[in-house]
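The next block holds one structure in the form of structure tokens; read it before the comments.
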Amino acid sequence: MGRSRRYADAALRIIFTASAYFLAAQIGLRLALVGNQVTPLWPPTGVGLACLLLLGLRIWPGIALGAFAVNILLGPTALAVLIIAAGNTLAPIAAYLLLERVGFRRNFDRVTDALALVFLGAMVGMLISATVGSLTRVVVGATPAREFWAAWSVWWTGDAMGVLIVAPLILVAWSWRIPTRVNPLRVLEAVTVILGTFVVVLVATLQSANLLFMIFPFLIWAALRFHLSGALPCALVGSVVVIFAASRNFSTFIGLDLTARMITLQAFNGSVALTALLLATITAQRDRATAALDDACAQLAQAAIILNQGRPLEGLIDILHQVKSPIQ
């Protein structure tokens, strides 16, 4: 009975992963820039990596099933679909193994966790899917050979952005709990910063790309006030709006070829993702250190009171041990 229950639980996790991957892919495909398959933001990669980090390596068949289901609808050939699906599966697995190797913590309580996700999870791990996918499309004739590097850059950027934006957002949402007491003003502030991000980026895509830098005050505001819970949604909103504008040829992108569009998107999305992730992590780490220091000061004050009241030395030693713990 116990073994059957474990098998059923594993099967449910695999099905959940495959379904989440497939649904995320349908969103990402709406933003394709090369054909109908290569997009500057590929959410399934972030979904796959997040599922691996949360549910374990045993759910990798779910990623494979989801990738195969997505690509079988796109083609171009059965063999190409299998190869591309394999690359899309191996990339998050490689990223997961690299992160596990360096002791990655999914609650992002250290700056090193954010840096590991950036360099190992996104930049290194996603080389596999971009190279396998782009090369396969060239070999079967779906992408002209002269466009290999353009397709590769879009593919790699899309997978990397999925890891940098979608994966940490899922990890944060997984551990988020509804507070027992909700401050209406804080809720209003959170809605304001997200809506402000949307409006600023939308206006920039309709008017001038030079206005895109106006997103950063909102990102900084969200990171300082809400940490990753606020910064990551703002980064996601900004990236989606800009990519949608590029795919629909909004005025900012009129007259730009694929290379120029990709340079703009890579610079913008990379800067937004890194700012949100690193600044929010640093701010959260600083706030935890400040809280620990305040707690230590309170316990030292209690120790001083014990001395003045003539309490036994053992009581003072216990207090000092409590002070040492939060500082560490």
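Please treat every number below as a calculation from the coordinates, not as lab data. The shown structure was predicted, so the numbers you read here are calculated from the model rather than taken from an experiment. Note: ideal-geometry Cβ built from the backbone for every residue, glycine included; neighbour counts use all protein chains shown.
Just to verify a number: FRET efficiency for THR131 and ILE305, C-beta to C-beta distance, R0 = 51 Å, to 0.05? So the FRET efficiency works out to roughly 0.20.
Suppose R0 equals 25 Å; then what is the FRET efficiency for SER251 and ARG30 from their Cβ-Cβ distance, rounded to the nearest 0.05? Calculated value: 0.80. The separation of the stretch 206-229 from the stretch 136-202, counted between C-alpha centres, amounts to 14 Å.
What percent does the relative contact order of the chain come to when contacts are Cα pairs within less than 8 Å and at least six residues apart?
Details: 452 pairs, mean separation 54.8, N = 328.
Value for the chain: 17 percent.
Counting charges near GLY255 (Lys, Arg +1; Asp, Glu -1) among other residues having Cβ under 15 Å from its Cβ returns a value of +1.
If we count every other residue with Cβ under 15 angstrom of THR17's Cβ, Lys/Arg +1 and Asp/Glu -1, where does the sum land? So the environment of THR17 carries a net charge of +1.
Ranking LEU258, VAL240, ALA80 by how far each Cα lies toward the positive end of the dipole of the chain (charges on Cβ) leaves ALA80 at the top. Only helices enter the 222 nm calculation for the chain: every DSSP H run of n ≥ 4 contributes -39,500 (n - 2.57), and dividing by all residues gives -25000 deg cm²/dmol, rounded to 500. The stretch between ASN210 and LEU195 holds 3.4 nm of extra length on full extension. This uses 0.36 nm per residue minus the Cα-Cα distance. Mind sorting out which of [x] 20.2; [y] 23.5; [z] 21.9 is the real mean projected area of the Cα convex hull in nm² computed from the coordinates? Identified label for the calculated read-out: [z]. Between THR77 and any residue 5 or more places off or on another chain, the built amide H atoms are never under 5 Å apart. The local environment of LEU55, defined by Cβ-Cβ distances under 11 Å, has a net charge of +1 under the rule Lys, Arg +1 and Asp, Glu -1.
Would the stretch 180-288 count as rounded, prolate or oblate if I go by the C-alpha gyration tensor, calling it rounded below 1.5 in a/c and otherwise prolate when a/b exceeds b/c, oblate otherwise? Prolate, because a/c is 1.5 or more and a/b exceeds b/c. Across the stretch 180-288, C-alpha contacts under 8 Å between residues 6 or more apart give a mean separation that, scaled by the residue count, equals a relative contact order of 32 percent.
Estimated at 0.36 nm per residue, the fully extended path between ALA267 and VAL111 surpasses their Cα-Cα distance by 53.9 nm.
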